[in-house]
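First the structure, in the form of structure tokens, and then the observations on it.
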Amino acid sequence: MNNVEKLISEQEILKKVEEIGKKITDDFKDESVTIVSVLKGSFIFTADLVRFIKSPVEIAFIAASSYGASTVSSGELKIRYDIDIPVKGQTVILVEDIVDTGLTISRLKEYLYELGAKDVKICTIFDKPDRREKQVTIDYCGFVIPNEFVVGYGLDYNNKYRNLRNLCKITI
Ligand code: 5GP
């Protein structure tokens, strides 16, 4: 049994998600944006965030693996499930659960530009900058957190703990 310890409460997270949603609404007003949610970790964040965005949004999902069952990033990106709507000429907001080394999100950003996106913004609820390998501009960031392995609010350890309502640190 792993030990989990609360780092950020559900209430604090939701307050921040509302702020990000308002900021995106202010930035885009009536302009349409395509939200590309990075599965699986950002499914809860995406569901909360899009309900705070008042601009017209289309929502697509993408799954890319970089971690496997380990807690150390492999740095390799494989697209396992691709978006099902065109992004050519669109403004895209890539919605991530957490940016760690930055490799996954920067490669996904490149990929969306290759598909013809006009502009790609990055939005993450958690940012762990200590282990950054690839410099990446985060346009919308929830919380900067220390270099701990975290679970909850959609994030897993071996596919478990995604349903925890708070963000927790896990001792493995
Ligand atoms: P990066 O490519 O930035 O190193 O890694 C991004 C991905 O690694 C995230 O989308 C997430 O799936 C995973 N990841 C990085 N840090 C953590 C963490 O602390 N907890 C969990 N559950 N996943 C993490």
Do any of K15/K169; K134/K169; K6/K40; K15/K160; K54/K78 go past 31 Å between their Cα atoms, and which? K54/K78
Cα extents of the chain along the principal axes, largest first, in whole Å, come to 47, 34, 26
Listed by chain and number, the residues whose amide H is under 5 Å from that of L7, excluding neighbours fewer than 5 places away on the same chain and using placed H, are L167, C168, K169
Please compute the modelled spin-label separation between N2 and F143, points set 7 Å along Cα→Cβ, answer in nm with one decimal. 1.6 nm
How big is the gap, in Å, between the Cα center of region 108-135 and the Cα center of region 22-58? 15 Å
For region 31-172, what's the relative contact order in percent, using C-alpha pairs closer than 8 Å and at least 6 residues apart? 21 percent
Along its three principal axes, how long is region 112-172 when you only count alpha carbons? Whole Å, largest extent first please. 40, 23, 19
From phi via Karplus (6.51, -1.76, 1.60), per-residue ³J(HN,Hα) for region 107-115 in Hz, x at Gly/Pro: 6, 5, 4, 4, 4, 5, 5, 4, 7
Using the Cα centre as the reference, give the magnitude of the dipole from point charges on the C-beta atoms of the chain (Lys, Arg: +1; Asp, Glu: -1; all else neutral), rounded to the nearest 20 debye. 240 debye
Counting only residues 5 or more places away or on other chains, whose amide H sits under 5 Å from the amide H of D127 once H atoms are built in the peptide plane? V99, F143, V144, I145
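Every number in this text was worked out from the coordinates using simple rules, so none of it is lab data. The shown structure was predicted, so the numbers you read here are calculated from the model rather than taken from an experiment. Counting neighbours? That spans all protein chains shown, and the Cβs are built from the backbone with ideal geometry, glycine included.
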